[in-house]
Structures are given as structure tokens and as C-alpha cells.
Amino acid sequence: MCNPVLAVAAISAVTTTVGVVEQAHAAHVQRHNLKIQQQQKSDQIKQRATADLFDVTRAAQRERARIRTASAQSGLNISSNSIESLLLNSQFQEGLNKSRILKNAENSQAASTTSTNVALSRLPNTSALSAGLKIVGNTASTYIKAQHNPNH
């Protein structure tokens, strides 16, 4: 004949084990999804920065072309100091804009990584030891309660 106290303890052990396994699996799935989202966000940041860099380059090229065209139409020599100064200033502004875009992308990437790391740190991290202790603790608690229950 089966001892009812042991049966209750065994059911508790199985129930706790299933709960621990489900919790660990759910945390694993969430970690995986967060990492995928982080990669997608990183790709979006890189694509946006690349597009912005391309736009700045094109705008700077158009500006320098306008400067050259205006100087030629007005009869100025392209190698004159004032035209050369305008062209150098355009290149300098292009460099500043590109640096700003790259720094913003770097900051966005860092913020995204930090956000993902915070979310990951909030997920339960069940080790084999903590899972075993939880199972043994719940089983022992249920066994003791069942032993002291006057209805058995």
C-alpha cells in the first residue's frame, strides 16, 4: 500500500520540478527574444547612420558644386583665397556633421545595449543548484506538512 504522505511529497516534487523547468524555459525564450530585438535595433541604428552619412556627403558635394559654379559664373578664379576658403569650410562642416552622426549612432547603440542589459538582468536566472534547492525545499515542506496533518 502506498504511503499517502510520500505520495503527496512526490506530487509536490513533480509539480515544483515542472514549475522550475517552465520558469527556466520562459526566461530562456525571453533572453533569446531580447537579444534578437537588440540586434534588430543595432541594425536599424547602423542603417540610419549610413543613410545620414550619405545624405551629408551628397549635400556637401552639392554645396561645393554650387560654390564652384557661382565662382565660375562671376568670373572668379576657383583657386582664389575666398573660394578656397568657402570650399574648405564646406569640407570642415561636412566632417563635423559626419562626426555628429557617428557620435549619435554610438550613443544610441550604447543606450540600446544598456536597456537590453537591464531587461536581461531582470529575468530570473535559475541555476541547477537553485532549482534543486527549490525542489527539495518545497518537497520537504510538503512532506512535513502532510506528516503533521491529522487527516492522513
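Summed over the range 126-143, residues that are hydroxyl-bearing (S, T, Y), under 12 Å from T17 (Cβ atoms) and under 32 Å from the mean Cα position of the chain (by Cα) total 1. Here is the figure for the range 89-133: residues that are free of Cβ contacts under 8 Å to residues at least 40 places away in the same chain and in a helix (DSSP H, G or I) total 25.
What about N104, is it surrounded by fewer than 14 Cβ atoms within 10 Å (Cβ to Cβ), within 30 Å of K35 (Cβ to Cβ) and modelled with pLDDT of 90 or more? In short, no.
Listed by first and then second residue, the pairs linking a residue in the range 48-71 that is over 15 Å from N104 (Cα atoms) to a residue that is hydroxyl-bearing (S, T, Y) and outside any helix (DSSP H, G or I), with Cβ atoms under 8 Å apart and 6 or more places separating them unless they lie on different chains, are S71/S80. For A111, the conditions (1) over 14 Å from the mean Cα position of the chain (by Cα); (2) at pLDDT 95 or above all hold with the exception of (1).
Determine whether the range 85-105 contains at least one residue that is under 30 Å from H28 (Cα atoms) and of a type outside the set (V, I, T). Yes, some residue in the range 85-105 is under 30 Å from H28 (Cα atoms) and of a type outside the set (V, I, T). The C-beta contact set for the range 77-88 (first residue without any contact (Cβ under 8 Å) to a residue 40 or more places away in the chain, second residue outside any helix (DSSP H, G or I), distance under 9 angstrom, 6+ apart or interchain) comprises S82/L76; I83/L76; I83/N77; E84/I78; L87/I78. Checking the structure you have, find out if any residue of the range 70-87 is out of contact with any Ser or Thr (no Cβ under 9 Å at 6 or more places or on another chain) and closer than 30 Å to A119 by Cβ. Scanning the range 70-87 turns up no residue that is out of contact with any Ser or Thr (no Cβ under 9 Å at 6 or more places or on another chain) and closer than 30 Å to A119 by Cβ. Here the range 126-152 is the region considered, the condition is being in contact with a helix residue (DSSP H, G or I) (Cβ under 7 Å, 6 or more places away or on another chain) and loosely packed, with under 15 Cβ neighbours inside 10 Å, and the residue that is modelled with the lowest pLDDT is H152. Take the conditions (1) surrounded by fewer than 11 Cβ atoms within 10 Å (Cβ to Cβ); (2) modelled with pLDDT of 95 or more; H32 misses just one of them, which is (2).
The values are calculated or read from the model by the stated rules, or taken from the named source; none is laboratory data. Note that the coordinates shown come from a computational prediction; the quantities given were computed from them, not determined experimentally. Positions of Cβ are generated from backbone atoms using ideal geometry, with glycine treated the same way; all protein chains shown enter the neighbour counts.
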